[in-house]
Structures are given as structure tokens and as C-alpha cells.
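The values are calculated or read from the model by the stated rules, or taken from the named source; none is laboratory data. Bear in mind the structure is a predicted one, so any value in this text is a computation, not a measurement. Cβ: placed from backbone, ideal geometry, glycine included. Neighbour counts: every protein chain shown. With ligands, DNA and RNA removed, areas are computed over all heavy atoms of the protein, side chains included. Shrake-Rupley method; radii C 1.70, N 1.55, O 1.52, S 1.80 Å.
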Amino acid sequence: MLDSEWFTEQLPGAESAFSLKIKAKLHAEQSEFQHLEIYETEGFGNLMVIDGCTMVSTRDNFFYHEMMSHTPLFTHPDPKRVWIIGGGDCGTLREVLKHPGVEKAVQIDIDERVTRLAEIYFPELCESNNDPRAELKFIDGIKWVKDAVPNSVDIIIVDSTDPVGPAEGLFSAAFYRDCFKALSPNGFVVQQSESALLHLKLIGEMRDAMSNAGLSHLQTFFFPQCIYPSGWWSGTIASKVALAGFREQDCANKAFDTEFYNVDMHKAALAQPEFFKKAMAKK
Ligand code: SAM
């Protein structure tokens with residue numbers, strides 16, 4: 001919704017809304033899959049909105065992109081092959097490629113227009129798109145994983161829109177079963193899992209579906225994300241085998257720069273709030 005100077009996303013069921021003051025509407029189009037908008041805001045740089053939902057802002061995207069990439073990559077003992085399902089703004093790809101051990105990172109977004117707009121309005125997120133280890137595919141991630149050769153990937157990062165429209169199937173048990181087959185023996189999925197305050201039921205159902213597909217070792221982690229509903233977001237790692245902490249020493253010695261992620265933030269993100277523990281225990 002746009003009220004002259006403000007972009008507002010109303011949050012269904014929460015009787016609340018999030019607004020950003022805007023300077024200009026830079027772009028709007030209906031792609032084959034979704035409605036895409038770009039705004040220039042007063043305080044958050046550029047903003048991408050998909051189907052009325054905030055996706056990426058210049059100012060605060062680093063929380064999400066760093067946590068959705070470095071948390072799983074330092075959890076895996078030796079990640080070499082990474083897929084990003086969704087992630088068309090390319091920010092997660094950029095962070096993944098900061099890891100020198102990664103040999104191949106494939107970003108599979110259903111909507112090429114998201115990436116073409118990111119190249120124009122978020123060029124800093126696209127700065128690693130020409131890395132020789134990067135490959136950009138524009139097809140349905142559900143089909144990509146279904147057709148995959150078994151044991152062909154170490155980490156699948158699901159950086160998708162909310163579970164409606166084209167992303168709905170990315171939260172299904174059938175998708176997680178296909179992920180299980182595509183993953184290497186100690187591989188795992190990490191998926192953006194919405195807000196624990198607003199979407200607790202969905203997180204529970206998602207964790208159940210992951211578990212039932214054999215990805216039964218689960219870790220939900222939490223991080224701030226100002227422009228998303230409630231300002232507090234989560235990711236969930238679902239692994240074939242038990243997770244033995246994270247590579248703390250490698251993380252402490254990382255040779256690349258981050259704005260949020262570090263050893264302490266990794267540990268802090270794994271702390272489980274009481275209401276979350278109770279809700280997951282009841283299931
Ligand atoms: N960080 C964001 C969030 O949590 O709201 C997600 C941003 S990213 C731009 C989401 C991407 O998922 C979009 O570009 C959309 O095209 C893509 N997407 C949705 N469904 C998909 C599917 N089935 N296969 C591949 N990409 C998909």
C-alpha cells in the first residue's frame with residue numbers, strides 16, 4: 001500500500017504495519033510470476049517489494065544475507081557445492097562466494113526479472129555474479145531439486161519469498177524429500193523460516209515436514225531484520241546427520257569482512273527463546 005509519501009506493509013493477523021518513508025517510486029512491473037516494485041526511501045536506501053511484501057533494502061539486507069549464508073557455511077565441515085533456491089537479489093550468493101572453499105554456487109530463482117532489477121538498483125549485491133564459481137539459473141527451484149543427481153550438493157539455501165504463490169512448494173514435505181536425495185551424506189538444507197513471533201505454527205509445520213523427510217537434525221536460529229514483519233526473523237537448518245557445533249576457529253579467522261556475523265553472533269543466534277522451546281516441545 002502506498003500513502004503518498006509512505007510505503008506500508010500491513011501484517012495480516014498482527015494488527016500492525018511497517019512503513020518506510022519514500023522519496024520516489026523507481027520501478028513497478030508485473031513479471032510472469034509476481035508484482036515487483038522498487039522504491040527509493042528516505043532512510044533505508046533502495047527497497048525491493050514483491051507482491052506487496054518487503055524483500056530487500058540497501059540499509060539492512062546484511063543481517064539476512066550474512067546470517068543465511070555464513071551460519072550454515074561455518075556449520076558444515078567442508079562445504080564445496082552450494083545451491084541457493086530463490087535469492088534472486090544475489091546478496092546471499094555474494095556472501096556464499098566469500099568462502100574460499102566453495103567450488104560452485106548455483107543460484108536458482110524462478111524469476112529472472114528480480115535479478116535484472118537487482119543489477120540496476122542493488123549493484124553492490126550483484127558484485128560477485130561474474131565469479132567463475134557462480135552460476136545463475138532462472139527456473140523453478142522445486143523442479144531443479146526434483147531433477148537433481150543424488151549426492152550432488154552440500155548445502156541447499158532456501159532464500160525464498162513467503163510460502164504463498166511460487167514459493168509455496170518450497171515449504172512442502174515433497175520438496176524436502178527431493179532435497180534429501182540431492183544432498184551429500186553430511187549435507188543439509190537451510191531455509192528462511194519467517195518470524196517466530198508471527199509464524200510459529202508455520203515454523204512447527206516446516207520443521208515436522210523436514211524431519212519426516214529424513215532431515216531430522218534441526219537448528220532454528222534467530223536474527224534481526226528490521227524491514228520484515230516483527231523485525232525479528234529466523235532460519236532453520238535441517239540436516240541428515242547430527243550437527244557438531246560450528247567451525248568456530250575458522251569463523252574467528254575468516255579472511256573476509258562482515259557487518260553482523262561473527263563467532264559471538266553465531267552463538268547468540270542459536271539461543272532458543274522459552275516460548276519457542278515450549279511450542280516446539282508440544283508438537
Ligand atoms: N530475503 C527474502 C525474504 O525472506 O523475504 C527473500 C528474497 S528473494 C528476492 C526471494 C526470491 O524467491 C524471489 O526472487 C522469487 O522469485 C524466488 N522464488 C519464489 N518461489 C521460487 C521457486 N519456486 N523457485 C525459485 N525461486 C523462487
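General remarks:
- Taken as a whole, the structure places Ile120 among residues that are within 16 Å of the ligand (Cβ to nearest atom), among the hydrophobic types (A, V, I, L, M, F, W, C) and open to solvent by 10 Å² or more (accessible area, probe 1.4 Å).
- Cβ pairs under 6 Å, 6+ apart, first in region 227-238 and part of a helix (DSSP H, G or I), second open to solvent by less than 20 Å² (accessible area, probe 1.4 Å) and modelled with pLDDT of 95 or more: Pro229/Ser195; Ser230/Ser195
- Only residues that are open to solvent by 20 Å² or more (accessible area, probe 1.4 Å), more than 9 Å from the ligand (Cβ to nearest atom) and small (Gly, Ala, Ser) were counted in region 168-185, giving 3.
- Condition met for Thr71 (more than 16 Å from the ligand (Cβ to nearest atom), of a type in the set (S, T, N, Q) and under 19 Å from Gly235 (Cα atoms)): no
- Val106, sole failed condition from (1) in contact with a Phe, Trp or Tyr (Cβ under 7 Å, 6 or more places away or on another chain); (2) more than 15 Å from the ligand (Cβ to nearest atom): (2)
- Residue list for region 186-217, restricted to those being within 19 Å of Leu243 (Cα to Cα), outside any loop (DSSP other than H, G, I, E, B) and either over 17 Å from the mean Cα position of the chain (by Cα) or away from the ligand (no atom under 13 Å from the Cβ) (or both): Asn186, Gly187, Phe188, Val189, Met206, Arg207, Asp208, Ala209, Met210, Ser211, Asn212, His217
- Filter result (more than 13 Å from the ligand (Cβ to nearest atom) and open to solvent by 50 Å² or more (accessible area, probe 1.4 Å)) within region 148-167: Val149, Pro150, Asn151
- Among residues that are assigned by TED's automatic domain parsing to the domain that holds Ala269 and at pLDDT 95 or above, Val149 is included.
- Checklist (1) among the charged types (D, E, K, R); (2) more than 10 Å from the ligand (Cβ to nearest atom); (3) surrounded by 22 or more Cβ atoms within 10 Å (Cβ to Cβ) applied to Asp89, failing item: (2)
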